[in-house]
Amino acid sequence: MFAPTDDFLSRACAGILLDLGPRPDVAAACAALDAIFALAEQSWQGRRTSLDYIRSAPPVACKAGCGWCCHQQVGITPVEAVGIAAHLDALPADQGGPLKDAVRALDRKTRGLTTAARAQSGLACAFLGPEGSCRIYPVRPLRCRGLHSVDADFCAASYRDPAGMRSLLEQGKLRPVFLSVPEAIFDSALSGVLMASKRLKWAMVSLELTAAVAALLDQPRLTGKWLAGARPDRSLALVA
């Protein structure tokens with residue numbers, strides 16, 4: 001299977017968005033995102049199934065029903081937020097309605113929290129289903145796609161005691177358990193999105209997933225404004 005290099009992947013993803021022009025409609029932007037996701041996933045699949053990688057990499061611990069990592073801030077680009085909001089709007093009312101309500105409810109609790117405070121809250125992502133699966137899996141952010149753990153116990157402990165685990169990591173008493181290869185691949189795709197955003201004169205900001213999607217749901221006109229280059233409100237930004 002064809003596996004693009006990280007540099008090629010960035011440029012290819014940028015090219016997909018640049019083909020849209022500076023003021024795309026929502027449908028075109030969503031189609032471009034789907035193409036970017038597919039190219040990045042293809043690259044990861046090609047890498048993970050290569051013999052060299054299989055021989056050297058530890059097995060991934062992530063599996064269906066394991067959602068320990070879905071209790072933290074997630075940074076997304078404005079166009080990714082647009083894609084998620086459009087996906088929710090396209091769902092049948094009995095599916096989309098509860099998800100929209102969940103996003104708004106979580107936003108009221110988490111807007112403005114720092115990364116540490118968000119993790120300490122123990123609150124799950126609005127899109128984490130009761131069975132532990134992502135309910136917007138086809139349009140989940142690039143940051144989520146790149147997170148692959150080799151130790152589920154580490155992830156569970158990080159959920160139960162985020163401050164303690166962070167301290168142990170900073171002291172060098174623990175080592176991160178997330179694979180670098182998928183992270184690099186999906187970060188390369190994200191780099192391509194940012195490269196294109198700069199060329200298209202879109203706002204280059206890291207938004208907090210819940211806040212950004214909630215804003216688009218409550219103010220649908222923001223979609224067109226963001227795709228035309230308007231800068232999102234500062235209250236939607238990821239807080240370190």
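Only the coordinates and a few stated rules stand behind these numbers; no lab work does. If you're wondering where the values come from, they're calculated on a predicted model, not measured in any experiment. Glycine gets a Cβ as well: all are built from the backbone with ideal geometry, and neighbour counts include every protein chain shown.
A few points about this structure:
- Around the amide H of R111, modelled in the peptide plane, lies no amide H under 5 Å away from a residue 5 or more places distant or on another chain.
- Sparsely packed loop sites in region 152-229 (the trypsin sites (Lys or Arg not before Pro) outside DSSP H, G, I, E and B with at most 13 other Cβ atoms within 10 Å) comprise K173, K201.
- Volume per residue that the Cα convex hull of region 21-141 spans, once the total is divided by residue count, Å³: 148 Å³
- Cys with no candidate disulfide partner in the chain (beta-carbon separation under 4.7 Å rule): C13, C30, C62, C66, C69, C134, C144, C155
- Quarter of the Cα convex hull surface for region 4-47, i.e. its orientation-mean projected area (nm²): 2.8 nm²
- Charge dipole of the chain (Cα centre as origin; +1 on each Lys and Arg Cβ, -1 on each Asp and Glu Cβ, all else neutral): 480 debye, rounded to the nearest 20.
- Aspartates and glutamates with Cα under 12 Å of K100, excluding same-chain neighbours fewer than 8 positions away: D89, D218
- Relative contact order of region 6-236: 35 percent, from C-alpha pairs under 8 Å at least 6 residues apart in sequence.
- Two-decimal Rg/Rh across region 73-115, once Rg and the Kirkwood Rh are taken from alpha-carbon atoms: 1.01
- Dividing the Cα radius of gyration of region 6-236 by its Kirkwood radius returns 0.96 for Rg/Rh.
- Relative exposure of I185, I16, judged by other C-beta atoms within 10 Å (fewest first): I16, I185
- Karplus 3J(HN,Hα) series, Hz, for region 223-240 with 6.51 cos²θ - 1.76 cosθ + 1.60 (x for Gly, Pro): 4, x, 5, 5, 6, 9, x, 5, 7, x, 4, 4, 5, 8, 6, 5, 9, 5
- Our coupling estimate for region 124-134, obtained by passing each phi through the Karplus curve with A = 6.51, B = -1.76, C = 1.60 and θ = phi - 60°, is 7, 4, 4, 9, 7, x, x, 8, x, 10, 7 Hz, Gly and Pro reported as x.
- Note, ³J(HN,Hα) from phi for region 58-68, Karplus 6.51, -1.76, 1.60, rounded to Hz, x at Gly and Pro: x, x, 7, 8, 5, 7, 4, x, 9, x, 4
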